[in-house]
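Okay, so here's the structure we're looking at.
FYI, it's all coordinate maths here, none of it is from the lab. The structure displayed is predicted, hence computed values, not measured ones. All Cβ positions, even for glycine, are placed from backbone atoms using ideal geometry, and neighbour counts span all protein chains on display.
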Amino acid sequence: MNKLTKPVIATCVLALMPTASLANDPAKERQELMKSVGDAVKVIVPMAKGEAPYDATAAVEAMKTLNKVPDEFVALFPKGSESGHDTEASPKIWEDPDGFKAKAEDMKKASAQGIEEAGKGVDALNAVTFGPLLKTCKACHDEYRIKKN
Ligand code: HEC
């Protein structure tokens, strides 16, 4: 190895490090995932209230987005990710992982029902959204999320 390549390699390794840690950063990933949930709900709720034009395709798509989240989400709480990124995850998630997973399963079921119902018209969308769906958010947040600020 000559004198020139050594520092070049060292620089490359350093440059790669932040990327590597970002890719394996569960707290950040689960927050991004929950943001996508927030975005999907922002599509559904105004339609369900009749404040935005009803679009059956968009409503069903948003329900599908929600339905994919729970399985991915519960896998993003490994030991060691209890803090950092201003996480709002409650320590209870690690104390009672089964209870936490059950709440995620409730959201999966409600959004599956949402996929069935969302395309049937505003009333059906309203019923499933303000019936089972949004209750699953609050049920989990009340127990397993510590809201900062
Ligand atoms: C299984 C539990 C669970 C369910 C169900 C759930 N959440 Fe969350 N949510 C969390 C947790 C835990 C956090 C905090 C994650 C963190 O900060 O590490 C969170 C964070 C959020 C955030 C903040 C994301 C950020 O960091 O900017 C939003 C928005 C959100 N949830 C919306 C929703 C909505 C809307 C629903 C229902 C459709 C929902 N959540 C259902 C557990 C859940």
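Contact list please: Cβ distance under 6 Å, first residue in region 72-92 and at positive phi, second residue of a type in the set (G, A, S), pairs at least six apart or on different chains. If the second residue must be of a type in the set (G, A, S), the pairs left are G84/A27; H85/A27. In the condition set (1) under 20 Å from K135 (Cα atoms); (2) touching a residue at least 60 places away in the same chain (Cβ under 8 Å); (3) surrounded by 14 or more Cβ atoms within 10 Å (Cβ to Cβ), D25 is compliant with all but (1).
Select from region 76-97 the residues that are within 12 Å of the ligand (Cβ to nearest atom) and either assigned to a helix (DSSP H, G or I) or closer than 19 Å to C137 by Cβ (or both) and list them in ascending order. Passing the criteria: L76, F77, T87, E88, A89, S90, K92, I93, W94, D96, P97.
Quick grid of which residues meet (1) under 16 Å from the mean Cα position of the chain (by Cα); (2) over 21 Å from K101 (Cα atoms); (3) surrounded by 18 or more Cβ atoms within 10 Å (Cβ to Cβ):
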{"residue": "E29", "(1), (2), (3)": "yes, no, yes"}
{"residue": "E32", "(1), (2), (3)": "yes, no, no"}
{"residue": "V37", "(1), (2), (3)": "yes, no, yes"}
{"residue": "D55", "(1), (2), (3)": "no, yes, no"}
{"residue": "M63", "(1), (2), (3)": "yes, no, yes"}
{"residue": "L66", "(1), (2), (3)": "yes, no, yes"}
{"residue": "K79", "(1), (2), (3)": "no, no, no"}
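Restricting the search to region 81-128, which residues are within 16 Å of M34 (Cβ to Cβ), surrounded by fewer than 15 Cβ atoms within 10 Å (Cβ to Cβ) and not small (G, A, S)? Listed by number, the residues that qualify are H85, D86. Residue pairs whose Cβ atoms lie under 8 Å apart, sitting 6 or more positions apart in sequence or on different chains, and linking a residue in region 119-143 that is under 14 Å from V45 (Cβ atoms) and assigned to a helix (DSSP H, G or I) to a partner that is hydroxyl-bearing (S, T, Y) and more than 13 Å from the ligand (Cβ to nearest atom), are V122/Y54; L125/Y54. So, in region 23-52, exactly how many residues are in contact with a helix residue (DSSP H, G or I) (Cβ under 8 Å, 6 or more places away or on another chain) and either within 14 Å of H85 (Cβ to Cβ) or not charged (D, E, K, R) (or both)? Qualifying residue count, region 23-52: 15. Residues in region 40-59 that are without any contact (Cβ under 8 Å) to a residue 12 or more places away in the chain and out of contact with any Pro (no Cβ under 7 Å at 6 or more places or on another chain): K42, P46, E51, P53, D55.
Of note, A102 satisfies the criterion of being more than 18 Å from V45 (Cα to Cα), within 11 Å of the ligand (Cβ to nearest atom) and part of a helix (DSSP H, G or I). The set of residues from region 39-51 being surrounded by fewer than 15 Cβ atoms within 10 Å (Cβ to Cβ) and either more than 13 Å from the ligand (Cβ to nearest atom) or on the phi > 0 side of the Ramachandran plot (or both) comprises P46, K49, G50, E51.
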